[in-house]
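A.B. asks: Dropping a structure here in C-alpha cells format, bear with me for questions.
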Amino acid sequence: MVPTVLFWLFAVVAVGSAVAVFRVDSMARATYALALSFVAVGASLLLLNLAYLGVVTILMMVMEMAVMAVFMIMFMMNPAGLMPMSMLHNQRAALVLSGGVFAALAAGALLVEWPERRGTVPDDPTRAAGDAVMGSKMLVMMGIGAVLFTTVVAALVLAAARSRYDRGPAGERP
Amino acid sequence: MTVTGAPAWAVAPAAAALLALAFAGAVVDGALGGGARARSGGRWTRPLVETARLLRQRGRRTVAADGLLWRVGVAGPLVVALLMVVVVPVGGTVVADLPVGVVWFNAMDVSLWAVAWLAGWGPNSVGPLVGGYRFVAQALGYELPLMFALTAPAVAAASLDLGDVVAAQRGLWFAVWMPVAFAVFLASVAAFSMWGPFRAPVGADLAGGVLAEASGADRLLLLAGRYALLAAGAAVGAALFLGGGAGPWLPGWAWSLLKTVALLVVLVAVRRRLPVVRPQRVVRLGWLVALPAVLLQLLVVALVVVWKG
Amino acid sequence: MLLVACPGATGLRLEAEAAVRGAGGRLAEGPADADVLLVVGSPGTRLGAAVETVWSQLPEPRARGHAVRPGRVAAVLDGALARLLDDQRQAADAAERHTAWPPPEPRRPTDDADAGPSGGAGHGDGGTGDGGREEPHAGDRRAAGPEHAAEGHGEHAEHGRDEEHGSGEHGQHGGHERHAENAEDAEDAEGARDDQHGEHADHSDHSSHGDHSDHGGMEMPGGLAMADRAEDRDGLKLDVLHVPLGPVLPHWPPGLVVDTLLQGDVVQRARARVVAAPGAGRAPFWRPERPAHRAARRLDSLGRLLAVAGWEAAAARAGELRDRLLGGAPESAVRADFVRLRRSLERSRLLRWATDGVGVLDAGQVARLGLPRRAHPPGAAWDATARWRWWLAEAAAALAAEPPPGEDRAAASARVVLDVVEDLLPGVELGEARLLVASLDPDTDAAGAAEGGTR
Amino acid sequence: MTLELFLLLAAALFAVGLYGALSQQSVVMVMMGLEVMVAGVIVAAAAFWYFLAPDRPDGQVLVLVVVSAMTVEMAMGFAVVTLLFRASDADTTDAAAELRR
C-alpha cells in the first residue's frame, strides 16, 4: 500500500515537473524543475530496491542541473523569465509526434505479454551490481571511467579558452 | 556492535538533536568571537539574542525576485543537513538504515550546490548572485576530492553503509591511518557550509554574498542552516573517521555525541582565525593538491585492504 | 548596525565603531542585516539620497541616528536603540511603510531627466558619463519607468539589480515625516539638512547615474533594466550590468563610489569618484607629524584590508591597536602587540594568497602614488601584498619613533589614487576589486571637499 | 506497483522529453528534453530488471551505463554550445543549421 502511494507521488512529481520544464518562462525554474523530476525518478528507483542507483541518479543529476543552470543563464536570452516570450518552433508537430509515441509505448507496455519473473531480488542489489561491474564486467567500468574522464577534459578544453578558474567553467555569469 | 533502524518517529529527536548541535555551534562561535564586552548579555547568550532579534525582524523582498526559488534556497541548507543526519548511526541506532549511507551523504552535499545557488539567484541582486556563483565555482573544486575522501573509508570497510563503516573501525580509527582523507573531508565540510576560509560565497567583500538580502526569519533559517550543516558534517565525520559510538565506559550514543561536538568545536573555531581563500585558489587547491593527495590515500587504503585479504 | 560614514568624519567613524562595540553590537554588512542606521558626519546631497535609499532597505524594526558632533555618538546610538525597542513606534512605522506599497507612481516631466547642472552641482552625470562608454546610458534612461527602481539602482552596490520596497515612497512622502521624527538625534545642522532634503526631492533623478539603458522603450519587468550584452574576453558575448560600488558598503572608504560595468563578477570598466560632503576637507583627522597618528592611520587601512580579505580576528586586532594608539597609549606599550600582529600577518600564507598579484603597479603608477620605487621585499611586485607589508613597515617605523622608511615623498591625493584604481580595475574579479581598492585605500576626507573630485 | 505502471511512467517521461526536444529552439533546452527522455529509459531499465530478471545484474549495469552516458552527453553538449555561441553568437538550433552551409 505505502509503496503504491509513494510510487504515484513520485510519478506525478516526475512527469509534472518534466512538463513544467518546457512550460515555465524562467530558465532557473526550468532547470530546477528538471532537477526535481530527476530526484523523483531516483526516488522511484529506491522503491525498486535499487538504493545505490537511485541515490547515484539523484547525485549526478542534481550536480548536472546545478552546472546546467549556469549555462542556461549564460546563453539564454531572458534567463529570469521576466519578459514573456516564446522560444518554440513547430510546436504542433512536436505535440502530435510525442503524443503518438506515448500512445504507442503505453499500448506496448499494457498489451505485451511480459514473461514471468525469474529469480528473486537479491538481499543486497548494490553488492550484486558491484560484483557484476567489478567482476566479469570490469572492462565496462574501466571503459566508462576512461570515456568520462576524456569527455570532461575535452569539454573543459573546448569550453574554457581562457577561463579564470583554470578548470571550471562556472563563476562567470550572473 | 550492530546497527538497528529506528522507527519513523525517530526523525523528530534527530531533528531536535541537530538543532541543538547547531545552536551549540553558534554558542561556541559567539564565545570564541571575543572582542566586545557586551552590555546586553554575555557572549554565551549571543545566539539567543540574535535569534530573538531576527524573529522580530520583518522579512524583506526585492523587486522581481524569484520568491519560490528563494524560499527553496533559504530553507534548503537546514533540510539538507537534516537529511544528512538521518543516516548517521548514533551509538547502535540510526534513523534511516540506508545501505548506501555514504553515497546518500554525497548526494545531499551535491544538492547544496543547487540550494546555495538558488539562495543567491532568488533575490535578484548582485551580491547574492555572485555569492551563489562563487559557491558553485568553489564546489567544483572541493567536490571531487570529497568524493574520494568518502570512498576511502567505504573501501576499507567494504561497504557503503555507515553502520558497517563504524563497525569496521573497531580497534583503529580510520582517522589514524587515513589522515589525508580526514583532512580533506573536514575542509569540504567547511566549504559546503560556507565556513572558515571557504566562506567567500558569504564574504564581506560582497556585503554578505548569499546572505546579503536575507533578513528576519529568512536570515535566521540560512544562518541556522549553516550551523546545522557544520553539525551534520561533524556527525558524519565522527561516524566515518572517528569510530562512531566506539569507546570505553560511556554508552555508544554518548561517544557519538562527544566526538561530534569535538569536531564541531574544531570546525567552528577555525572561522575567524583564517582569512578567506578566494574561489580561484580553492579550485586550484582542490584539483592540484587535494585531489592527487586523496587519490594517493585511496591507493594506500586499497593496497592495505588487498594485503590484509 | 549599519554605519554610514561621510567623508571628513574619520574621527566620528572611529568613535562610532567603539560605541557600537560598547553596546555589544556589531557592524552589519548590508541593510538587510541591520537594525540601526547610524550616519556620522554630514552627508551631502548625493550621499543623503543614498542614505535615504539604504534606510528604505532596512527591515523593520529599525531606527536611525545621525551624529554630527564628536562625543555624542554613543548618546545618539542609545537613542536609536531605545526607539528600536519601542514596539508602538515600530508598529506605526511598519504600518505606514507597508500601506504605501506600491507607491503612487512619481511622475516627473520627461525632460527633467538630464537637468544635471542646476542643483546637482556637477556630480550628476559628469562622473560617469565621460570616458567614451558605448552603452546607451546617461541621459537616455527611461522616463516612464518607476522612479524608485532607478534610485536604488543608482546608489547601492549590493543592491545593484534590486530595489526594495519604497524608496520612491520615501522620496515622495515618507521621507520627510520620518526625517522630522528622527531629527531629535541630529543635535545640530538642522537647517542644513532640511535644505539638503528639499534638494534631494527635486533632483533625485540624478541619483541614478544612468545604469538604466533604454531598451527601445520596452517596458521592463519590475521596472528594472535587463542586462546588456557586450563582448567579453573569452569571446563570448555575455550580459553586462552597471553596478555602482559604494558609497554605502562595509569596509569601504567613506563616500567613494566606483561605477563599474560588470560582466559576471568581472569588472570591465570602472569610474571612481567621491561624493561631496560638507564636512570634508576641514581639519584633517590624521596628523602625519605625530608618530602615533602615522601608525594608527596605517593600522586603520590595514584593518579595512584584512576585513575585506575576510580575516576578522586580525582586523579586530589591528583596530584595537589603532584605538589604543589614538587613545594616547605610549607607542612603546603598543609595540609588542604590534610586532606580534605583524609577525602573524607576514607568516600567513593564506593572506598572501588573497593579496598576491592584486593590483600590480607599474613604475609610473608607483611614482604617482608616492610609494618608494622598490617594493618592500626587494624584487617583489608592487601588488597588494607589497602594499600591506609597506604599511606594516611604516607603522613599525612610526612606533619606533624613526623617520618613515624609504624616500620621503608626499602622499598622493585621493584623485591620483582613484585614477590608478580606474586603470587597474578592468579585468578584475569583484572580490579582487574590493581588495584592490582597500589596498590602495584612498583618503576620501579631503577629496570629498572638492565636490567629489569629480572630473 | 506493477511493471506496467513503471513502464507507463517511463513512456510518459519519454514522450514529454521528446516533445521538449522537438519543440524547443534553444540548444540547451533541447538538451534538457533529451535528458528527460533518458530519465524515461532509466525508469524502464530499472523496472525490467526488478520485475523480470532480478537475479541478474544486467539491468543495473545498464542503468549505470545510461547515467554515465547522460553525463557525457551533457558535458559535450555544453562544450558544443559554448563553441557555437562563441562562433556565431547563437544558441538556437535554427541558427546552428545555417552553420552547415
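A.B. asks: Taking each residue of B:108-118 in turn, how many C-beta atoms of other protein chains fall within 10 Å of its C-beta, and what is the average?
C.D. replies: On the way: counts 4, 2, 9, 8, 2, 9, 11, 3, 1, 9, 6.
Other-chain Cβ atoms within 10 Å of each residue's Cβ, averaged: 6.
A.B. asks: Okay, moving on. Taking only DSSP H segments of four or more residues, each worth -39500 (n - 2.57), what value at 222 nm results for chain B once the sum is divided by all its residues, to the nearest 500 deg cm²/dmol? Before the final figure, lay out each step's value.
C.D. replies: Working: 12 runs with 200 residues, N = 309.
Dividing the helical sum by the residues of chain B leaves -21500 deg cm²/dmol.
A.B. asks: Here's a follow-up. Would you order B:Val294, B:Val27 from fewest to most other beta-carbon atoms within 10 Å of each residue's own beta-carbon?
C.D. replies: Values: B:Val294 26, B:Val27 18.
Fewest-to-most Cβ neighbours within 10 Å comes out as B:Val27, B:Val294.
A.B. asks: Given q = 0.06, 0.07, 0.12, 0.15 Å⁻¹, what are the Debye log10 I(q)/I(0) values for the stretch B:4-308, with equal point scatterers placed on the Cα positions and solvent ignored?
C.D. replies: Values returned for q = 0.06, 0.07, 0.12, 0.15 Å⁻¹ are -0.19, -0.26, -0.78, -1.19.
A.B. asks: Under the rule that an exposed site lies in a DSSP loop and has at most 13 other Cβ atoms within 10 Å, name the longest stretch of chain B with no chymotrypsin sites (Phe, Trp or Tyr not before Pro) of that kind, not counting the sites themselves. Before the final figure, lay out each step's value.
C.D. replies: Working: sites that count: B:Trp44, B:Trp249.
The longest uninterrupted stretch comes out as B:45-248.
A.B. asks: While we're on this one: Treat the count of other C-beta atoms within 10 Å as a stand-in for reagent exposure and order A:Asp25, C:Asp35, B:Asp109, B:Asp29 from fewest to most. If you can, show how the numbers build up before the last one.
C.D. replies: Values: A:Asp25 16, C:Asp35 24, B:Asp109 28, B:Asp29 21.
Ordered from fewest to most neighbouring Cβ atoms within 10 Å, A:Asp25, C:Asp35, B:Asp109, B:Asp29 come out as A:Asp25, B:Asp29, C:Asp35, B:Asp109.
A.B. asks: Just want the ordering: A:Met68, A:Met61, from fewest to most Cβ atoms lying within 10 Å of their own Cβ.
C.D. replies: Values: A:Met68 24, A:Met61 29.
In order of increasing Cβ crowding within 10 Å: A:Met68, A:Met61.
A.B. asks: What does the charge count near A:Phe38 come to, summing +1 for each Lys or Arg and -1 for each Asp or Glu among other residues with Cβ under 13 Å from its Cβ? Let's see the in-between values first.
C.D. replies: Details: positive: none; negative: A:Glu64, D:Glu35.
Neighbour charge sum, excluding A:Phe38 itself: -2.
A.B. asks: Report ³J(HN,Hα) in whole Hz for each residue of the stretch C:48-63, in order, from the Karplus equation J = 6.51 cos²θ - 1.76 cosθ + 1.60 where θ = phi - 60°; Gly and Pro get x.
C.D. replies: x, 4, 4, 4, 4, 4, 4, 4, 5, 9, 6, x, 6, x, 8, 8
A.B. asks: Just to confirm the number: angle between the C-alpha axis of helix B:179-192 and the first principal axis of chain B, 0 to 90 degrees, nearest 10?
C.D. replies: For helix B:179-192, the angle is close to 20 degrees.
A.B. asks: Continuing with the same structure: Consider a paramagnetic label point 7 Å from the Cα of D:Thr2 along Cα→Cβ; state which residues of the stretch D:32-54 have an amide N under 18 Å from it.
C.D. replies: Only D:44, D:47-53 pass the distance filter.
A.B. asks: So how far, in whole Å, is the C-alpha centre of the stretch B:221-274 from the one of the stretch A:1-34?
C.D. replies: Result: 35 Å between the Cα centres.
A.B. asks: What is the projected area of the convex hull of the Cα atoms of the stretch C:291-410, averaged over all directions, in nm²?
C.D. replies: Details: hull surface 27.6 nm².
For the Cα atoms of the stretch C:291-410, the hull's average projected area reads 6.9 nm².
A.B. asks: Ok, one more. For the stretch A:1-80, just run the numbers: alpha carbon Rg, then divide by 2.2 N^0.38 Å, N being how many residues it has.
C.D. replies: My calculation over the Cα atoms of the stretch A:1-80 gives 1.19.
A.B. asks: Separation between the C:Glu402 and B:Trp253 pseudo-spin-labels, each 7 Å from Cα along Cα→Cβ, expressed in nm?
C.D. replies: Rounded to a tenth, the inter-label distance reads 6.4 nm.
A.B. asks: Output the 0 to 90 degree angle, nearest 10, between the alpha-carbon long axis of helix B:216-241 and the longest principal axis computed from the alpha carbons of chain B.
C.D. replies: Taking Cα atoms only, the helix is inclined about 10 degrees.
A.B. asks: Towards the positive end of the charge dipole of the stretch B:4-308, with charges on Cβ (+1 Lys, Arg; -1 Asp, Glu), say which of B:Ala75, B:Gly243, B:Phe105 has the farthest Cα.
C.D. replies: B:Ala75
A.B. asks: Hey, another quick one. Summarise the partner chain shielding of A:94-101 as one whole number: the mean count of Cβ atoms from other chains within 10 Å of each residue's Cβ. Present the calculation step by step, with values, prior to reporting the outcome.
C.D. replies: Working: counts 8, 4, 2, 5, 12, 3, 2, 7.
Per-residue shielding by partner chains comes out at 5.
A.B. asks: If r is the Cβ-Cβ distance from A:Ala104 to C:Ala18 and R0 is 56 Å, what FRET efficiency results, to the nearest 0.05?
C.D. replies: Details: r = 77 Å, r/R0 = 1.37.
According to the calculation, E is roughly 0.15.
A.B. asks: Could you list which residues have their amide H under 5 Å from that of C:Val39, counting only those 5 or more apart in sequence or on another chain, with H placed in the peptide plane?
C.D. replies: Amide H to amide H, under 5 Å and 5 or more residues apart or across chains, C:Val39 pairs with C:Val4, C:Gly65, C:His66, C:Ala67.
Every number in this text was worked out from the coordinates using simple rules, so none of it is lab data. Computed from a predicted model, the values in this text were never measured in an experiment. Using ideal geometry, Cβ is built from the backbone for each residue, glycine included, and neighbour counts are taken over all protein chains shown.
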